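Q: First the structure, then my questions, so here it is.
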Amino acid sequence: MAADESAPAAVVTAAEIARLAGVTRAAVSNWRRRHPDFPRPAAGTATSPLFALTEVQQWLDRQGKGRETSAEVDLWHELRAQYGDDLLTAIGAVGAQLLGTAVEQPLAEPAADALTALSAERGAHALYADLVERCIDSTTRSGGEPMTTLALERIVSAFTGPADDAAGASDRTIGAVYDPACGIGTLLLTAVPGAHRYGQELNPATAAIAEFRARLGDRTAAVACGDSLRKDAFPDLRADLVVCDPPVGVVDWGRDDLLLDPRWELGVPPRSESELAWVQHCYAHTAPGGRALLVLPSSVAYRRAGRRIRAELVRRGLLASVVALPPGLMSSHSQPVHLWILRRPAQGDPAPTHIRMIDLSTADPDGIGNGIGMKDCAPTPEQIADVPPVDILDDDVDLSPGRYVTPHHGDYPVEYAALRDRVQSLARDLFDLLPELPAGPGRIEAAPMGVGDLVRGGLVDLDGTEPTSRTDQLDTDYLRGFLRSAANTRRSTTASGTLRLNASGAQVPQMDIGRQREYGEAFRRLAAFEELLREAAAIGDRVGALAYDGLTKGALLPPSAISASSGKSESQEAKDQ
C-alpha cells in the first residue's frame, strides 16, 4: 500500500532533539544559533517551535552528532566529579588555570589535563565562554544562585545601541559602562565593545569569574567585591551606560543606614522596594546624556509602595522607555520582567514629550536566547505606544506597557478561525499522546539504584535537573521519568519550594534495558503531553482574549448572528444540516 502523502510529518520539540542527540537543551540552542543549516521550525508556535523529525535526523547524521560525548562534555563531567554542584568554584578554578592564577581549590589532574588540551585546540577565551554558558544553563535549570541568562543579555544589548530618542539612546561614543550588581559579568562584558568597564559584586566567587572573563577576552574591566548599596566602590563614577540585573525582593538592603544618602534624588525607597533603591543608585552613576538599563520584576511597575518614586521619574522626564519582556528569561523564576530605560538629560536637551511603552511579552524567549530571534527585539508599530506623562500620572502611576499598548489583530475572523482549528487539533493530539496505562500490581519488585552512584561511576551525566545516560545499558527517559516519582520529588524539594535534584538521595529501580525502554517510551509520551498541554493553555489564553476583544469591538459576531446575517433562521439552519 502506498504511503499517504497527505499525512502530517512527524515533528519534535527542542527538548526531544536534545534527547535524540544525547545532549542538553543548551546544546540544541547553540546549534540553532551557530549552524545556519539547522532545520527551521516546521510547526508549533513562536514560544514552542516544532521541527520536522526527518530533517533533524538528517542534520544530526551530517554533523556526526549522536550519543558519543564531546571532549568538552568529558571536561564538564570531570568538573562535576570534583566540585559537585559548586559550579561557581569550578568555573573560577578553570579561569584561574587558564590565566595561571592561584586559587584555593585548583583543578584536579584529569580536569587540568583535559582543559589544557581543549584550550590549545579551541583557544582559552572561546572555551571559557562555552563553559560559562553551560554553567549558566545548568544553574538556571537546577534552581541555583540567580544569574543573568544569555537570552536576557542579548535583549539588553539590543537596547544599548543607537536607537531613536524615545528609547533614550544617542550616537555618542560610550566610554564607560558600569554594572553595580555584575554577577559573573554577563551584562558588563558584552554590552558595548571597546568601552572601559566597572563592576561591583557581593559574591567573591562570581566577582572572580567576571574578572577572569574580562582578562581572557582582552577587555579592560575593574571589578570590585562588595555591597554596592551599602559600600559603593565607585562613588565618583559617572558612566555613559549603566546596566543592571539587580537582586530582587531584598528587605534588608540597608535602608536604615542610608536614609540621608544623596543618591535618593526621587525620595527614600520604602523598605519593601529594594528595586527602586537600585534604580536610583544606577541613575546616580549615569553621566549627563547617558542611559541606565535595569531588568526589574513586572510588579515594580505598579506596586503601591513605589508610586511616589515612579511619579517623580515620570514628572522629571527621566524615564525614557519601559519594555515588557516575555516569561522564561530569568534563571530564578519563570515570570515576565520589564526593562526600564532611564536617561540623564544633558544640558540643553529638550523636555521629553512622551514615554515609550513597548510590549514584547509575546516574543520567543528561546529564539532570543539562541541569537536567531533578535528581530523580536525590534518592536512593530503595533507593539509601541508613545504615552504623554500626563496619561500616566494618575493615582496608580502604573508603568506596565500592557496598560497602554493595544493588542493588534489584522483580521479577527481569520485569526480566530485558525486558533479554533488549532485548539481542535491540539485536543486530538493531547488525547493521542496520553498513553493508555493498564493497572499494575501496586509496587515495583526491583532493587533500587542510587543516581549518585551512577554519576560517580561515569554512567550518568548529571547536568542540573536533566540526567543523561552515558551508556547503552541505561535509558535516559527511564531515568528522568523515575526521578519525578513522589519520593524523589520530596527529596529534591528545598524548604523554599525550589525543585533541585538531590543526586545523592535519588533512586531508580534496577531493570533490564528492554523494560527500561518500555517505561522510557511512556515517560516520553507523558513529557510530550505536558509540553503540548502548556502550548494548549497559552493558545487558550490567546483565543479567549481574541474572542472577547473581537466580540466587544464588533469584529466578531455571536453564533446566532451568523444565521441572521445569512438570512436564515436557526431552525432553518438546523434543517439544512
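Q: Say we look at segment 319-332 and pick out the residues that are modelled with pLDDT under 90 and polar (S, T, N, Q); which of these is surrounded by the fewest Cβ atoms within 10 Å (Cβ to Cβ)?
A: The residue in question is 332.
Q: Right, next: Out of the residues in segment 504-543 that are among the β-branched types (Val, Ile, Thr) and over 21 Å from the mean Cα position of the chain (by Cα), state the one that is least open to solvent (accessible area, probe 1.4 Å). Outline the logic, then answer.
A: So in segment 504-543, the residues among the β-branched types (Val, Ile, Thr) come out as 508, 513, 539, 543.
Checking which are over 21 Å from the mean Cα position of the chain (by Cα) leaves us with 508, 513, 543.
Details: 508: 2, 513: 37, 543: 25 Å².
So, considering only residues that are among the β-branched types (Val, Ile, Thr) and over 21 Å from the mean Cα position of the chain (by Cα), the one least open to solvent (accessible area, probe 1.4 Å) is 508.
Q: Still on this structure, please answer the following. Please go through segment 280-315 and give me each residue that is in a strand (DSSP E or B) and closer than 23 Å to residue 360 by Cβ, ordered by number.
A: Step one: list which residues in segment 280-315 are in a strand (DSSP E or B), which gives 286-297.
Hits for segment 280-315 are 291, 292, 293, 294, 295, 296, 297.
Q: Could you check segment 88-109 and list, in sequence order, the residues that are open to solvent by 70 Å² or more (accessible area, probe 1.4 Å) and in a helix (DSSP H, G or I)?
A: 97, 109
Q: Here's a check for you: in segment 256-298, which residue that is more than 18 Å from residue 314 (Cα to Cα) and free of Cβ contacts under 8 Å to residues at least 24 places away in the same chain is farthest from the chain's Cα centre (by Cα)?
A: 260
Q: Can you tell me which residue among 292, 311, 324 is within 18 Å of residue 402 (Cβ to Cβ) and of a type in the set (A, V, I, L, M, F, W, C)?
A: On the way: 292 fails: within 18 Å of residue 402 (Cβ to Cβ); 311 fails: within 18 Å of residue 402 (Cβ to Cβ).
That would be 324, the only listed residue that is within 18 Å of residue 402 (Cβ to Cβ) and of a type in the set (A, V, I, L, M, F, W, C).
Q: If you scan segment 557-577, which residues turn out to be open to solvent by 70 Å² or more (accessible area, probe 1.4 Å) and at pLDDT 85 or above?
A: The answer is 557, 559.
Q: Can you pull out the residues in segment 222-238 that are within 11 Å of residue 253 (Cα to Cα) and surrounded by fewer than 17 Cβ atoms within 10 Å (Cβ to Cβ)?
A: Matches in segment 222-238: 227, 230.
Q: When residues of segment 446-464 are filtered for being open to solvent by 40 Å² or more (accessible area, probe 1.4 Å) and modelled with pLDDT under 85, how many remain?
A: 4
Q: Which one of the conditions (1) open to solvent by 70 Å² or more (accessible area, probe 1.4 Å); (2) modelled with pLDDT of 85 or more does residue 85 fail to meet, given that it meets all the rest?
A: Only one criterion in (1) open to solvent by 70 Å² or more (accessible area, probe 1.4 Å); (2) modelled with pLDDT of 85 or more is unmet by residue 85, namely (2).
Q: So, one more: Would it be correct to say that residue 255 is open to solvent by 20 Å² or more (accessible area, probe 1.4 Å), at pLDDT below 95 and closer than 21 Å to residue 202 by Cα? First the steps, then the outcome.
A: Details: open to solvent by 20 Å² or more (accessible area, probe 1.4 Å): yes; at pLDDT below 95: yes; closer than 21 Å to residue 202 by Cα: yes.
So residue 255 passes the test.
Q: What number of residues within segment 200-251 are small (Gly, Ala, Ser), in contact (Cβ under 8 Å) with a residue 60 or more places away in the chain and assigned to a loop (DSSP other than H, G, I, E, B)?
A: So the answer is 1.
Q: Right, something else. Yes or no: segment 124-134 includes at least one residue that is part of a loop (DSSP other than H, G, I, E, B) and modelled with pLDDT under 90.
A: To start, the set of residues in segment 124-134 that are part of a loop (DSSP other than H, G, I, E, B) comprises none.
Within segment 124-134, none of the residues are part of a loop (DSSP other than H, G, I, E, B) and modelled with pLDDT under 90.
Q: Go through segment 378-393 and count every residue that is of a type in the set (Asp, Glu) and either buried (at least 17 other Cβ atoms within 10 Å of the Cβ) or in contact (Cβ under 8 Å) with a residue 24 or more places away in the chain (or both). Give the derivation first.
A: Filtering segment 378-393 for residues of a type in the set (Asp, Glu) gives 382, 386, 391.
Those left that are additionally either buried (at least 17 other Cβ atoms within 10 Å of the Cβ) or in contact (Cβ under 8 Å) with a residue 24 or more places away in the chain (or both): 382, 386.
Final tally of qualifying residues: 2.
Q: Taking the condition surrounded by fewer than 18 Cβ atoms within 10 Å (Cβ to Cβ) and either of a type in the set (Asp, Glu) or under 20 Å from residue 296 (Cα atoms) (or both), does residue 179 pass?
A: Numbers: surrounded by fewer than 18 Cβ atoms within 10 Å (Cβ to Cβ): no; either of a type in the set (Asp, Glu) or under 20 Å from residue 296 (Cα atoms) (or both): yes.
So residue 179 does not fit the description; no.
Q: Quick check: is even one residue across segment 505-524 out of contact with any His (no Cβ under 8 Å at 6 or more places or on another chain), modelled with pLDDT under 80 and of a type in the set (A, V, I, L, M)? Spell out the reasoning first.
A: Residues of segment 505-524 that are out of contact with any His (no Cβ under 8 Å at 6 or more places or on another chain), as a first pass: 505-524.
Retained after the next criterion (residues that are modelled with pLDDT under 80): 505.
Filter again for of a type in the set (A, V, I, L, M), leaving none.
Within segment 505-524, not a single residue is out of contact with any His (no Cβ under 8 Å at 6 or more places or on another chain), modelled with pLDDT under 80 and of a type in the set (A, V, I, L, M).
Q: If I filter segment 71-89 for residues that are touching a Cys at 6+ places or on another chain (Cβ under 6 Å), touching a residue at least 24 places away in the same chain (Cβ under 8 Å) and over 18 Å from residue 460 (Cα atoms), do I get at least one hit? I'd like the intermediate steps shown before the answer.
A: So the first thing to find is which residues in segment 71-89 are touching a Cys at 6+ places or on another chain (Cβ under 6 Å), and the list is 87.
The next check asks that each one be touching a residue at least 24 places away in the same chain (Cβ under 8 Å); those that pass are 87.
Checking the rest, the ones that are also over 18 Å from residue 460 (Cα atoms) come to none.
Scanning segment 71-89 turns up no residue that is touching a Cys at 6+ places or on another chain (Cβ under 6 Å), touching a residue at least 24 places away in the same chain (Cβ under 8 Å) and over 18 Å from residue 460 (Cα atoms).
Q: Would you please name the residue that is farthest from residue 393 (Cα to Cα), looking only at residues in segment 297-316 that are open to solvent by less than 10 Å² (accessible area, probe 1.4 Å) and in contact with a strand residue (DSSP E or B) (Cβ under 9 Å, 6 or more places away or on another chain)?
A: Initial filter on segment 297-316 (open to solvent by less than 10 Å² (accessible area, probe 1.4 Å)): 300-301, 306, 309-311, 313-314.
Pick out the ones that are also in contact with a strand residue (DSSP E or B) (Cβ under 9 Å, 6 or more places away or on another chain) and you get 300-301, 310, 313-314.
Numbers: 300: 16, 301: 13, 310: 9, 313: 10, 314: 8 Å.
Taking the candidates together, the pick is 300.
Q: Among what's in segment 428-445 and is in contact with a helix residue (DSSP H, G or I) (Cβ under 8 Å, 6 or more places away or on another chain) and in a helix (DSSP H, G or I), pick the residue that is least open to solvent (accessible area, probe 1.4 Å).
A: Keep residues of segment 428-445 that are in contact with a helix residue (DSSP H, G or I) (Cβ under 8 Å, 6 or more places away or on another chain), which gives 429-430, 433-435, 437.
Subset that is in a helix (DSSP H, G or I): 429-430, 433.
Numbers: 429: 59, 430: 25, 433: 47 Å².
Out of the qualifying residues, it is 430.
Q: Could you tell me which numbered condition residue 20 fails, if it satisfies all but one of (1) at pLDDT 65 or above; (2) open to solvent by less than 50 Å² (accessible area, probe 1.4 Å)?
A: Looking at each condition in turn, residue 20 falls short on (2).
Q: What's the total number of residues in segment 191-204 that are of a type outside the set (A, V, I, L, M, F, W, C), open to solvent by 10 Å² or more (accessible area, probe 1.4 Å) and closer than 25 Å to residue 86 by Cα?
A: 3
Q: Then there is this: Which members of segment 258-267 meet the condition of being within 17 Å of residue 305 (Cβ to Cβ) and open to solvent by 40 Å² or more (accessible area, probe 1.4 Å)?
A: Residue satisfying the conditions is 259 alone.
Q: Return yes when residue 554 is at pLDDT 85 or above, farther than 30 Å from residue 11 by Cβ and of a type in the set (Gly, Ala, Ser) and no when it is not. Before the answer, list the steps.
A: Details: at pLDDT 85 or above: yes; farther than 30 Å from residue 11 by Cβ: yes; of a type in the set (Gly, Ala, Ser): yes.
Yes, satisfied.
Q: Count, please, the residues in segment 333-347 that happen to be open to solvent by 10 Å² or more (accessible area, probe 1.4 Å) and of a type in the set (A, V, I, L, M).
A: 1
The values are calculated or read from the model by the stated rules, or taken from the named source; none is laboratory data. Since the model is a prediction, treat every value here as computed from it, not as a measurement. Cβ sites come from the backbone with ideal geometry, for glycine too, and all protein chains shown count toward neighbours. Ligands, DNA and RNA are excluded from the accessible area calculation, which covers all protein heavy atoms including side chains. Shrake-Rupley method; radii C 1.70, N 1.55, O 1.52, S 1.80 Å.
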